[in-house]
Amino acid sequence: MATGLHKSDFQNPVIRWVDARLPVFTMMQKEYGTFPTPRNFNYFWNFGALAMVNLVIMIATGIFLAMNYTAHTGMAFDSVERIMRDVNYGWLLRYAHANGASMFFIVVYIHIFRGLYYGSYKAPRELLWMIGVVIFLLMMATAFMGYVLPWGQMSFWGATVITNLFSAFPLVGESIVTWLWGGFSVDNPTLNRFFSLHYLMPFVIFGVVFLHVAALHITGSNNPLGIDPKGPQDTVPFHPYYTAKDSVGLVVYFIVFAVLVFFFPNLLGHADNYIPANPLVTPPHIVPEWYFLPFYAILRAVPDKLGGVLLMFGSIAILFVLPWLDTSPVRSMRFRPLARPFFAVWCLCFLVLLYVGGKPPEEPFVTIARVATAYYFLYFLVILPLLGRLERPLPLPESIARPVLRGGGPLPAGAMSKPMEKA
Amino acid sequence: MADSMAQPAPQDGETRRDFLQLVAGSFAAVGVGAIAWPFISSMNPARDTLAVSTTDIDLKPIAAGSAITVVWRGKPVFVRSRTEEEIKSARATPLSELRDPQADQERVKKDQWLVVIGICTHLGCIPLGQKPTDERGPFGGWFCPCHGSAYDTSGRIRQGPAPTNLPVPSYAFTSDTQIRIG
């Protein structure tokens, strides 16, 4: 073999020829074929793959929607209606794109929940987690700008309210907002740049997702027990075991997605966005899309403009330092009897914030939002740091292959038989 | 669990796993096709585009020997009121001299009116010859400035690189002085 060529293990001569010069087949085989993965994943470990599929769906439907969309204040709304009525399957592309955004956030929220519950953010996966938070922020920016494009009432007033958040910053606030708008109100320049960035961002997300996966393949996946695989008896090759398991999850995901698109396409949207944007009239009750509601509730819980904005951004920024706030060395909450109920209350608070974020800013919702906001931060800033010292975790199983519940006792037939054979 | 993970002993020829892979692969292929279809279909003309695919033309203002250009489906259509000499010269040409043999009678509904799509069949330029001041080429019809294709008074290719005659769109006389293209 000539020097400089990769030593390929593939037998097919064409694949071998390519692989020797550009070992993509070897890489795929290593990262997605034989990649050793903990053998005890539950279905929460589907959601990373689901998010990846969802991103691809969003990019594909988005590219085809952009072929028929006109980014101009006078034509945007009509061009979207033309997509719905005249373009072949335009209704399907648009409903898949709009509900795909909701599905994306459902998937990613579950993915984040999985990370929080099983301690996936802890060493050595801190950077992996932080890259994930970056993806989440990029997703929120992309979703926000996408919602502006149909140029309905909610688009316009959502854009106005969210861009005005930056006016809360002292001294530079007003200049920042003017710069974001490219004018003195949300108008055609704003719509044009939002369209440009909305098209760009998914590809940025794609790049950061690549980093997320690259980092994952260095540390390897966490697992429901939160302990490291100690040898080949604790892992299975990614293919076919988790390609198959992810496929099962994918089928369920597509069923939920299809029910939304085909039977309740407007369930998660707002009727007001079918009214063309009117810069002179604000709808009586304006709310962001459902996936922003928890953060919107935090914003409104604070009776101070700058304070509310800082707390809202802080509620996500705090995730960046979570790996250092949680001082417990135990990853999985299965073995953390105290952290588990505290985390359950945190999840409840998140859902409560999601609920009150969609309610008018009046009692009792304001007080509820304040209590939930207080707990949201208390959990990260006080409870988790203290629990690391005060909590007495349950004994960890000695390995993944020996589940803790069966530890010591006789194992069910087959559970442990010849574990080395399939490694 | 470990036992069930072990590969079943391969029998002669097919195994259960081969069958499952074939079935799963076929269904995945059908699924991908079903998903791809709406995407591809969305690039075809939308219904509002199809709805504007007819054009009505009033022939009264067109003097003999002159022509007008109308837009049909975004394309120029040449409508020419031919003089007696132009008709005669088109009909006198033997079919053996034509690259794309077609009699003038097959290309018109009424002798006076020639209706052709005004796009050179070579590479899509618009031939000259609509205005009285235009170069009409050696055959008195149209002349394409891009690569020198010349058409005669029946819109047939006579010289230059274009392979076929200017196509005649489907049209009908809705009255003596009105036609509808499309």
For A:H285 and B:D111, what is the calculated FRET efficiency with R₀ set at 60 Å and r taken between the beta-carbons, to the nearest 0.05?
0.30
What are the ³J(HN,Hα) values, in whole Hz, obtained from phi via the Karplus relation 6.51 cos²θ - 1.76 cosθ + 1.60 with θ = phi - 60°, for each residue of the stretch B:101-107 in sequence order, with x given for Gly and Pro?
x, 7, 6, 4, 4, 6, 9
Which net charge results when you count Lys and Arg as +1 and Asp and Glu as -1 among the other residues whose beta-carbon is under 12 Å from that of A:M154?
-2
Radius of gyration, Dmax [chain B; alpha carbons; angstrom]
28.0, 94
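If contacts are Cα pairs under 8 angstrom and at least 6 residues apart, what is the relative contact order of the stretch A:287-400 in percent?
Values: 129 pairs, mean separation 45.9, N = 114.
The value is 40 percent.
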For B:W142, the residues 5 or more places away or on another chain with a placed amide H closer than 5 Å to its own amide H are B:Y151, B:D152
Given axes a ≥ b ≥ c from the Cα gyration tensor, I'd like to know whether the stretch A:200-344 is rounded (a/c under 1.5), prolate (a/b larger than b/c) or oblate.
oblate
The stretch A:287-400: mean projected area of Cα convex hull, nm²:
8.1 nm²
CD proxy, 222 nm, chain B: helix-only mean residue ellipticity via -39,500 (n - 2.57) per DSSP H run with n ≥ 4, per residue, nearest 500, stands at -7500 deg cm²/dmol
Could you derive backbone 3J(HN,Hα) for the stretch A:34-44 from the dihedral phi with the Karplus parameters 6.51, -1.76 and 1.60 (θ = phi - 60°), listing whole Hz in sequence and x where the residue is Gly or Pro?
8, 3, x, 10, x, 7, 10, 4, 9, 5, 4
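I'd like the mean, over residues of B:30-41, of how many other protein chain beta carbons sit within 10 Å of each residue's own Cβ. Walk me through the intermediate numbers first.
Working: counts 0, 1, 0, 0, 0, 5, 1, 2, 9, 8, 3, 5.
Counting Cβ atoms of other protein chains within 10 Å of each residue's Cβ and averaging gives 3.
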So how do A:282-292, B:144-154 stack up, highest first, on mean other-Cβ count within 10 Å?
B:144-154, A:282-292
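How charged is the neighbourhood of B:R136? Take every other residue with its Cβ under 14 Å from the Cβ of B:R136, and add Lys/Arg as +1 and Asp/Glu as -1. List each step's numbers first, then the result.
Working: positive: B:R80, B:R82, B:K131, B:R156, B:R158; negative: B:E85, B:E86, B:D134, B:E135, B:D152.
Within the 14 Å Cβ shell, the charges total 0.
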With a/c under 1.5 counting as rounded, go ahead and sort the stretch A:41-82 into rounded, prolate or oblate using the C-alpha gyration tensor (a ≥ b ≥ c being the square roots of the eigenvalues; past the cut-off, prolate if a/b is larger than b/c, else oblate).
prolate
Defining a contact as two alpha carbons under 8 Å apart and six or more residues distant in sequence, what relative contact order in percent does chain B show?
19 percent
What are the DSSP H helices in chain A that stretch 18 Å or more along their long axis, judged by alpha-carbon atoms, and whose average Kyte-Doolittle hydropathy comes to at least 1.6?
A:47-66, A:126-148, A:305-325, A:339-357
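Peptide A:89-101: average number of partner chain Cβ atoms within 10 Å per residue? Working shown, then result.
Working: counts 7, 5, 1, 5, 3, 0, 0, 2, 0, 0, 0, 0, 0.
Taking the mean over all residues of the peptide, I get 2.
What does the structure give for B:44-56 when I average, per residue, the other chain Cβ atoms found within 10 Å of the residue Cβ?
Numbers: counts 3, 3, 8, 6, 4, 3, 1, 1, 0, 0, 0, 0, 0.
Mean number of neighbouring Cβ atoms from other chains: 2.
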Going by average Cβ density within 10 Å per residue, which order do the peptides A:361-371, A:377-387 take, highest to lowest?
A:377-387, A:361-371
For the protein assembly as shown, which whole-number percentage of the solvent-accessible area (1.4 Å probe, protein heavy atoms only) is attributable to carbon and sulfur atoms?
68 percent
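Got a sec? What order do A:M130, A:M58 fall in by accessible area at 1.4 Å, biggest, i.e. largest, first? Each step should come with its number before you reach the end.
On the way: A:M130 55, A:M58 30 Å².
Result, largest first: A:M130, A:M58.
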Mean residue ellipticity (222 nm) of chain A, computed from DSSP H runs ≥ 4 via -39,500 (n - 2.57), nearest 500
-19000 deg cm²/dmol
In whole Å, largest first, what are the principal axis extents of the Cα atoms in the protein assembly as shown?
108, 75, 48
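Over the Cα atoms of the stretch A:131-221, compute the convex hull volume and normalise it per residue, giving Å³.
Working: hull volume 9.8 nm³, N = 91.
Enclosed volume per residue, from the Cα hull, is 108 Å³.
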For B:Q159, which sequence-distant residues (separation of 5 or more, or a different chain) have an amide H within less than 5 Å of its own amide H, given hydrogens modelled in the peptide plane?
B:A150
Students often check this: by mean Cβ neighbours within 10 Å, which of A:29-41, A:99-111 ranks highest, and how do the rest follow?
A:99-111, A:29-41
Specify the angular offset, from 0 to 90 degrees and rounded to the nearest 10, of the alpha carbon long axis of helix B:16-41 from the longest principal axis of the alpha carbons in chain B.
30 degrees
Quick one: grab Rg to one decimal and Dmax as a whole number for the stretch A:38-281, Cα atoms only, in Å.
20.4, 67
Quick one: if you take sqrt(5λ) for each eigenvalue of the C-alpha gyration tensor of the stretch A:1-93, what semi-axes come out, biggest first, whole angstrom?
44, 22, 10
Report the B-A buried area as the accessible area lost on both sides summed, probe 1.4 Å, in Å² to the nearest 100.
1700 Å²
Residues with amide H under 5 Å from that of A:F35, placed H, sequence gap 5 or more
A:F238, A:H239
Run down the aspartates and glutamates and flag those whose C-alpha is under 17 Å from the C-alpha of A:K230, throwing out any fewer than 8 positions away in its chain.
A:E398, A:E421
Run the simple label-point estimate for A:Y355 and B:W37 please: 7 Å along Cα→C-beta, distance reported in nm.
4.3 nm
Past 18 Å, Cα to Cα, is the threshold; run B:K60/B:K110; A:K7/A:K30; B:K75/B:K110; A:K122/A:K245 against it and keep the listed order.
B:K75/B:K110; A:K122/A:K245
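The values are calculated or read from the model by the stated rules, or taken from the named source; none is laboratory data. Keep in mind it's a predicted model, so treat the numbers as computed, not measured. Quick reminder, even Gly has a Cβ in these numbers, built from the backbone with ideal geometry, and neighbours come from all protein chains shown. We work out accessible area using only protein heavy atoms, side chains counted, and drop any ligands, DNA or RNA first. Shrake-Rupley method; radii C 1.70, N 1.55, O 1.52, S 1.80 Å.
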